[in-house]
Amino acid sequence: MNSLELFNQIYTLETERVYSKSLLSFFESTIRARLPNAPRILDLGCGSKSIFEDIDLSGSNVTAIDFSPVAISKALILPNGISYKEVDLSTPDVLEKSAYDLIFDSHCLHCITDEANRKSAFTNIYQSLRPDGLFTTEMMVLPPNKTVVMPNKHVVEARAIEDEILSYGFKINYFLIVRDLVFGSENGDCDLVRVICRK
Ligand SMILES: C[S@@+](CC[C@H](N)C(=O)[O-])C[C@H]1O[C@@H](n2cnc3c(N)ncnc32)[C@H](O)[C@@H]1O
(Lines give C-alpha, C1' and ligand atoms only; values in the text may rest on other atoms or scores of the structure.)
Protein backbone atom coordinates (compact mmCIF):
# COMPACT_ATOMS: atom_id res chain seq x y z
CA MET A 1 0.00 0.00 0.00
CA ASN A 2 1.50 3.39 -0.93
CA SER A 3 1.42 6.45 1.32
CA LEU A 4 -1.69 7.99 -0.27
CA GLU A 5 -3.64 4.72 -0.01
CA LEU A 6 -2.52 4.39 3.61
CA PHE A 7 -3.68 7.88 4.58
CA ASN A 8 -6.97 7.46 2.70
CA GLN A 9 -7.56 4.32 4.74
CA ILE A 10 -6.65 6.09 8.00
CA TYR A 11 -9.03 8.99 7.27
CA THR A 12 -11.82 6.62 6.20
CA LEU A 13 -11.59 4.91 9.61
CA GLU A 14 -11.16 8.16 11.59
CA THR A 15 -14.14 8.83 13.88
CA GLU A 16 -13.20 12.32 15.09
CA ARG A 17 -11.41 15.17 13.28
CA VAL A 18 -8.17 15.63 15.22
CA TYR A 19 -4.66 17.01 14.84
CA SER A 20 -1.48 16.61 16.91
CA LYS A 21 -1.65 18.86 19.96
CA SER A 22 2.17 19.18 19.99
CA LEU A 23 1.79 21.36 16.89
CA LEU A 24 -0.51 23.71 18.78
CA SER A 25 1.96 24.06 21.66
CA PHE A 26 4.80 24.71 19.19
CA PHE A 27 2.74 27.42 17.47
CA GLU A 28 1.62 29.15 20.66
CA SER A 29 4.97 28.98 22.50
CA THR A 30 7.35 29.81 19.70
CA ILE A 31 5.82 30.80 16.36
CA ARG A 32 2.94 33.19 17.05
CA ALA A 33 5.12 36.06 18.33
CA ARG A 34 7.21 36.03 15.13
CA LEU A 35 4.29 36.61 12.76
CA PRO A 36 3.36 39.88 11.07
CA ASN A 37 -0.16 41.31 11.38
CA ALA A 38 -2.84 39.59 9.30
CA PRO A 39 -0.53 36.82 8.09
CA ARG A 40 -1.18 34.69 5.03
CA ILE A 41 -0.60 31.08 6.12
CA LEU A 42 -0.22 27.72 4.38
CA ASP A 43 -0.72 24.56 6.50
CA LEU A 44 0.93 21.43 5.03
CA GLY A 45 -0.58 17.98 5.63
CA CYS A 46 -3.60 19.32 7.50
CA GLY A 47 -5.49 16.01 7.43
CA SER A 48 -9.20 16.33 8.18
CA LYS A 49 -8.68 19.32 10.54
CA SER A 50 -6.12 22.12 10.38
CA ILE A 51 -4.80 23.33 13.72
CA PHE A 52 -5.61 26.84 12.49
CA GLU A 53 -9.31 26.11 13.05
CA ASP A 54 -8.45 26.45 16.77
CA ILE A 55 -6.10 29.43 16.57
CA ASP A 56 -7.36 32.98 16.87
CA LEU A 57 -5.29 35.20 14.55
CA SER A 58 -7.14 38.31 13.53
CA GLY A 59 -7.09 39.16 9.86
CA SER A 60 -5.23 35.99 8.90
CA ASN A 61 -5.91 34.08 5.72
CA VAL A 62 -5.27 30.33 5.99
CA THR A 63 -5.00 27.75 3.22
CA ALA A 64 -4.63 24.13 4.35
CA ILE A 65 -3.57 21.35 1.98
CA ASP A 66 -3.46 17.58 2.05
CA PHE A 67 -3.08 14.99 -0.72
CA SER A 68 -5.77 12.70 0.75
CA PRO A 69 -9.15 13.32 -0.90
CA VAL A 70 -10.79 11.52 2.03
CA ALA A 71 -9.22 13.93 4.57
CA ILE A 72 -10.11 17.01 2.53
CA SER A 73 -13.69 15.92 1.95
CA LYS A 74 -14.11 15.54 5.75
CA ALA A 75 -12.49 18.92 6.38
CA LEU A 76 -14.79 20.61 3.88
CA ILE A 77 -17.93 19.56 5.77
CA LEU A 78 -17.19 22.29 8.35
CA PRO A 79 -14.23 24.35 7.09
CA ASN A 80 -14.47 27.05 9.82
CA GLY A 81 -12.97 29.80 7.69
CA ILE A 82 -10.05 27.72 6.37
CA SER A 83 -9.55 27.29 2.63
CA TYR A 84 -9.00 23.52 2.30
CA LYS A 85 -7.48 22.13 -0.90
CA GLU A 86 -6.50 18.68 -2.14
CA VAL A 87 -2.86 19.19 -3.18
CA ASP A 88 0.15 16.88 -3.36
CA LEU A 89 3.04 18.94 -2.00
CA SER A 90 5.54 16.91 -4.01
CA THR A 91 4.06 17.94 -7.37
CA PRO A 92 6.50 20.44 -8.94
CA ASP A 93 5.30 24.07 -9.04
CA VAL A 94 1.97 23.22 -7.42
CA LEU A 95 1.91 26.22 -5.03
CA GLU A 96 1.39 29.92 -5.67
CA LYS A 97 4.76 31.74 -5.72
CA SER A 98 5.81 34.35 -3.07
CA ALA A 99 2.41 34.05 -1.45
CA TYR A 100 2.76 33.20 2.25
CA ASP A 101 4.10 34.78 5.45
CA LEU A 102 4.11 31.40 7.21
CA ILE A 103 4.33 27.87 5.84
CA PHE A 104 3.60 25.49 8.71
CA ASP A 105 4.46 21.81 8.35
CA SER A 106 1.79 19.81 10.20
CA HIS A 107 3.89 16.60 10.26
CA CYS A 108 3.66 16.26 6.48
CA LEU A 109 7.33 16.37 5.52
CA HIS A 110 8.37 13.36 7.57
CA CYS A 111 5.80 11.38 5.58
CA ILE A 112 7.54 12.15 2.27
CA THR A 113 10.24 9.50 1.87
CA ASP A 114 11.18 9.55 -1.82
CA GLU A 115 14.21 11.78 -2.50
CA ALA A 116 12.83 13.42 -5.65
CA ASN A 117 9.51 14.08 -3.95
CA ARG A 118 11.25 15.71 -0.96
CA LYS A 119 13.20 17.94 -3.36
CA SER A 120 10.00 19.08 -5.06
CA ALA A 121 8.30 19.63 -1.69
CA PHE A 122 11.13 21.80 -0.31
CA THR A 123 11.45 23.71 -3.58
CA ASN A 124 7.70 24.40 -3.55
CA ILE A 125 7.90 25.64 0.06
CA TYR A 126 10.83 27.96 -0.64
CA GLN A 127 9.27 29.44 -3.78
CA SER A 128 5.90 29.89 -2.14
CA LEU A 129 7.19 31.96 0.78
CA ARG A 130 7.30 35.73 0.60
CA PRO A 131 10.77 37.28 1.07
CA ASP A 132 11.55 37.03 4.82
CA GLY A 133 8.62 34.61 5.26
CA LEU A 134 8.76 31.86 7.90
CA PHE A 135 8.89 28.11 7.36
CA THR A 136 8.33 26.00 10.47
CA THR A 137 8.42 22.27 10.97
CA GLU A 138 8.21 19.66 13.69
CA MET A 139 9.71 16.39 12.46
CA MET A 140 10.65 13.01 13.82
CA VAL A 141 14.42 12.46 14.06
CA LEU A 142 16.65 9.63 15.19
CA PRO A 143 17.78 9.69 18.81
CA PRO A 144 21.59 9.57 19.20
CA ASN A 145 23.13 6.17 18.49
CA LYS A 146 19.77 4.59 17.78
CA THR A 147 18.24 3.00 14.71
CA VAL A 148 14.51 3.28 14.27
CA VAL A 149 12.74 1.67 11.35
CA MET A 150 9.44 3.30 10.49
CA PRO A 151 7.83 2.26 7.21
CA ASN A 152 6.56 5.20 5.14
CA LYS A 153 8.42 7.74 7.32
CA HIS A 154 11.59 9.74 6.67
CA VAL A 155 13.48 9.50 9.97
CA VAL A 156 17.12 10.63 9.92
CA GLU A 157 19.53 12.39 12.29
CA ALA A 158 18.73 16.01 13.19
CA ARG A 159 21.98 17.08 11.53
CA ALA A 160 20.74 15.70 8.19
CA ILE A 161 17.51 17.73 8.52
CA GLU A 162 19.58 20.85 9.25
CA ASP A 163 21.69 20.27 6.11
CA GLU A 164 18.61 19.55 4.01
CA ILE A 165 16.87 22.77 5.07
CA LEU A 166 20.00 24.91 4.58
CA SER A 167 20.57 23.45 1.10
CA TYR A 168 17.42 25.21 -0.18
CA GLY A 169 18.64 28.64 0.98
CA PHE A 170 16.67 28.99 4.23
CA LYS A 171 18.26 30.75 7.21
CA ILE A 172 17.68 28.77 10.41
CA ASN A 173 16.57 30.91 13.40
CA TYR A 174 15.54 28.19 15.82
CA PHE A 175 16.46 24.50 16.02
CA LEU A 176 15.41 22.54 19.08
CA ILE A 177 15.56 18.79 19.63
CA VAL A 178 12.74 17.63 21.89
CA ARG A 179 12.97 14.34 23.77
CA ASP A 180 10.09 12.40 25.30
CA LEU A 181 7.33 14.28 23.47
CA VAL A 182 4.90 11.75 22.08
CA PHE A 183 2.22 13.01 19.69
CA GLY A 184 0.12 9.88 19.43
CA SER A 185 1.19 6.34 18.62
CA GLU A 186 3.48 7.53 15.86
CA ASN A 187 6.77 8.73 17.29
CA GLY A 188 7.35 6.84 20.55
CA ASP A 189 10.87 5.68 19.64
CA CYS A 190 11.98 8.94 18.00
CA ASP A 191 13.00 12.41 19.10
CA LEU A 192 11.42 15.45 17.49
CA VAL A 193 13.10 18.49 16.03
CA ARG A 194 11.34 21.86 15.94
CA VAL A 195 12.73 24.27 13.36
CA ILE A 196 11.91 27.87 12.45
CA CYS A 197 13.61 29.38 9.44
CA ARG A 198 13.31 32.38 7.17
CA LYS A 199 13.52 32.73 3.43
C1 LIG B 1 1.20 12.32 10.09
S2 LIG B 1 -0.17 13.00 9.24
C3 LIG B 1 -0.45 14.49 10.14
C4 LIG B 1 -1.89 14.88 10.15
C5 LIG B 1 -2.24 16.09 11.04
N6 LIG B 1 -1.69 17.30 10.48
C7 LIG B 1 -1.75 15.91 12.44
O8 LIG B 1 -0.91 16.65 12.88
O9 LIG B 1 -2.21 14.99 13.13
C10 LIG B 1 0.56 13.59 7.75
C11 LIG B 1 -0.43 14.22 6.79
O12 LIG B 1 0.29 14.61 5.62
C13 LIG B 1 -0.46 14.23 4.49
N14 LIG B 1 0.52 14.05 3.38
C15 LIG B 1 1.47 13.09 3.26
N16 LIG B 1 2.16 13.25 2.13
C17 LIG B 1 1.65 14.35 1.52
C18 LIG B 1 1.94 15.03 0.31
N19 LIG B 1 2.90 14.61 -0.53
N20 LIG B 1 1.24 16.14 -0.02
C21 LIG B 1 0.24 16.59 0.83
N22 LIG B 1 -0.10 15.96 1.97
C23 LIG B 1 0.59 14.86 2.32
C24 LIG B 1 -1.20 12.98 4.89
O25 LIG B 1 -2.35 12.71 4.13
C26 LIG B 1 -1.52 13.27 6.35
O27 LIG B 1 -2.76 13.93 6.48
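Taking region 103-115 on its own, how many of its residues are within 12 Å of the ligand (Cβ to nearest atom) and open to solvent by 10 Å² or more (accessible area, probe 1.4 Å)? So the answer is 7.
Under the condition of being within 18 Å of Ile125 (Cβ to Cβ) and either of a type in the set (Ser, Thr, Tyr) or in contact (Cβ under 8 Å) with a residue 60 or more places away in the chain (or both), the residues counted in region 139-172 number 2. Kindly indicate whether any position in region 64-76 is among the small types (Gly, Ala, Ser) and either at pLDDT below 95 or part of a strand (DSSP E or B) (or both). Scanning region 64-76, I find at least one residue that is among the small types (Gly, Ala, Ser) and either at pLDDT below 95 or part of a strand (DSSP E or B) (or both), so the answer is yes. Counting the residues of region 73-93 that are open to solvent by less than 80 Å² (accessible area, probe 1.4 Å) and within 9 Å of the ligand (Cβ to nearest atom) gives 5. When region 1-60 is filtered for residues that are in contact with a strand residue (DSSP E or B) (Cβ under 8 Å, 6 or more places away or on another chain) and among the β-branched types (Val, Ile, Thr), the ones remaining, listed by number, are Thr30, Ile31, Ile41, Ile51. For region 13-40, filtered to residues that are touching a residue at least 40 places away in the same chain (Cβ under 8 Å) and in a loop (DSSP other than H, G, I, E, B), the residue that is farthest from the ligand (Cβ to nearest atom) is Pro36. In a helix (DSSP H, G or I), closer than 22 Å to Leu176 by Cα, under 16 Å from the mean Cα position of the chain (by Cα) and more than 11 Å from the ligand (Cβ to nearest atom): is that true of Glu53 in this structure? So Glu53 does not fit the description; no.
The values are calculated or read from the model by the stated rules, or taken from the named source; none is laboratory data. Remember, predicted model here, so these are calculated numbers, not experimental data. As a convention, Cβ positions derive from the backbone with ideal geometry for all residues, glycine included, and neighbour counts pool all protein chains shown. Note: accessible area is taken over every heavy atom of the protein model, side chains too, but ligands, DNA and RNA are not part of it. Shrake-Rupley method; radii C 1.70, N 1.55, O 1.52, S 1.80 Å.
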